[in-house]
1. Compute the Rg to Rh ratio over the range 260-400 from the alpha carbon atoms, using the Kirkwood formula for Rh, and round to two decimal places.
2. List the pairs from LYS282/LYS314; LYS281/LYS422; LYS282/LYS384; LYS358/LYS387 whose alpha-carbon separation is above 29 Å, in the order I gave them.
3. As an exercise, identify the GluC sites (Glu not before Pro) in the range 373-445 lying in DSSP coil whose Cβ has no more than 14 other Cβ atoms within 10 Å.
4. To one decimal place, what Kirkwood hydrodynamic radius in Å is obtained for the range 313-367 from all pairs of distinct Cα atoms?
5. Where the accessible area of the range 315-445 is counted over protein heavy atoms with a 1.4 Å probe, how much of it, in %, is carbon and sulfur?
Amino acid sequence: MNRKPIIAVVGRPNVGKSTFVNRLVGRRQSIVDDLPGVTRDRIYFDVEWQNNTFTVIDTGGIVPGDEDEIMVSIYDQARIACEEADKIIFIVDGTEGVTPVDTDIANILRQSDKPIFLAVNKIDSHNQISMISDFYSLAIGEPIAISALHGSGGVGDLLEEITKDFENKENLVDDNSIKIAIVGRPNAGKSSIVNALLGEKRVIVSDISGTTRDSIDSKLQYNEQEFVIIDTAGIRKKSKVDYGVEKFAVDRAIRSIRECDVALMVIDATEAVNGISDQDKKIASIITEAGKGMVIAINKWDLIEDKKSNTINKFNQKIAQEIPFLNYVPKIFISAVTHQRLNQIFTNVLEVQGERCKRISTGLLNKVVNEAYALNPPQTIRNKRLKIMYSTQTTVKPPTFVLFVNNEDLIKDHYKRYIENKLREAFGFTGTPIKILIRTRTEKK
C-alpha cells in the first residue's frame, strides 16, 4: 500500500513555519483539508516538488500565553509530530539566535528516531549567513539557511535533501486494494468488527504494522478483491480529549479517514435507539468533507430486544430524520459478536467504491442538468437569472462536476443541493459525496 511520505514542520511561535509551508504549497487552494474543531493545531497539505509528492503538516496554532501554557503546547506539538511524521523540519529564527525554547524543542526531537532537518529561517541575504553558526549548539545536525518569505537561500537544497530517498511518483505502482477505515466513537465495537473480519476463514495476504501504536492496517482478500482494513481509535468530543497520546490517536483516526477509500462508520445500536449523537454527526461530516465513500454499520444489533419485521425500517427512518444529509449512504445492521451480516460490509464497500469511480458522459450530464433547470428554474436575483450554459465531470474519487454559468454569484446553496439531488436520482452515486463547482463563463454574443 503506497502512502505519501509525511513531513512535519515544527518550531516555536513566529519563526516562519506557516510562511515556509505556504512557500511549499504555493497557494492556499492546495490545502488537502482543514477540519476546524478537530485538528485545530495541525493542517495537512499535499506538496509536489520535482516529481515527488508528500504531505506536509503545519503545526501552527500555538498561541503564546503564560510560560507554562506555551511549554505544554510546544511539547505536545513536537511529540505528536515525532510520532506521526516520517521526517521532521525544525525551523528556527536566524535573526534571534538560539532561544531556550529552541533548545527544549531540540531535546524533544532528538529522542525520536526520525530524520530531523534544521532550517534556519529569515536568512534573507548572504551577509546573514554567519548567523547560522550558533545553531550547531542544538546538536540537531547541519543548519541549513533559508528564507521562507523570499524563497531564496537553501529552500531548494533543503527539499532536495529531504526528498532524495522518496520514491518518484512515476515509479509508484498503484495497487488495486480498497482501503476501509473503521471509524466511530469509543466502544462502538470497531475492534470487534475488525477481529471478526480477520478471524473468519479468509485468505489473509499479509499483516502491515501501522505507522502508530494505535492503528494496525491488515490486508485480506474477499471474493478475489483485496481490502486493507484500518482499525482506528475512537473519536471523542474534542473537549473530552486529553493532549498527548490520546490526542494523537484521534488525529491518527482522522488521518486514516483521509487515506482511506471508504469509511465504515460504526454506530452503537444500543445507544442509537435514543437518537444519533452529535459526535456521530461530526464524524460523518469529517468523512464527507474529506470526499470519502461511506457505509454506516449499526453494530450490536444482537442486543436489540423485541425486534419486529419493521424494526430496521424504524431505525432507518430515525437516521434519515436526524442526519438527512446522509440519505445516500447505505446502512447495514450487524453484530460483530454473532457475525450477523458482516459479509455485507464488503459488498457495500465494493458498491460504494464503484460509485466513487463512476464517470458520466458530458452529453448525458448536460441532458440531466438542463432538464433539472427547466423543471425548476432558479429565482431571479436583482432582476438577473442564473443560466447554466455547460456542465462537465472533471474527476472521480469523489465525482466532481463543474457547471459553467453566466454569473456564479446567482447560484445559491439550496439550488446546488437541488442539482445534486437530481444527479443522484439519475446516476445513483450511492455512498459517495459528489462535488459541484461553479464557474462563470461569459456568454458568446
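1. Rg/Rh: 1.08.
2. As for pairs spanning more than 29 Å Cα to Cα, those are LYS282/LYS384.
3. The qualifying sites are GLU443.
4. 13.8
5. Carbon and sulfur: 48 percent of the exposed surface of the range 315-445.
The values are calculated or read from the model by the stated rules, or taken from the named source; none is laboratory data. Bear in mind the structure is a predicted one, so any value in this text is a computation, not a measurement. Neighbour counts are summed over all protein chains in view; Cβ atoms, including those assigned to glycine, are modelled from backbone coordinates with ideal geometry. Accessible surface areas use protein heavy atoms only, side chains included; no ligands, DNA or RNA. Shrake-Rupley method; radii C 1.70, N 1.55, O 1.52, S 1.80 Å.
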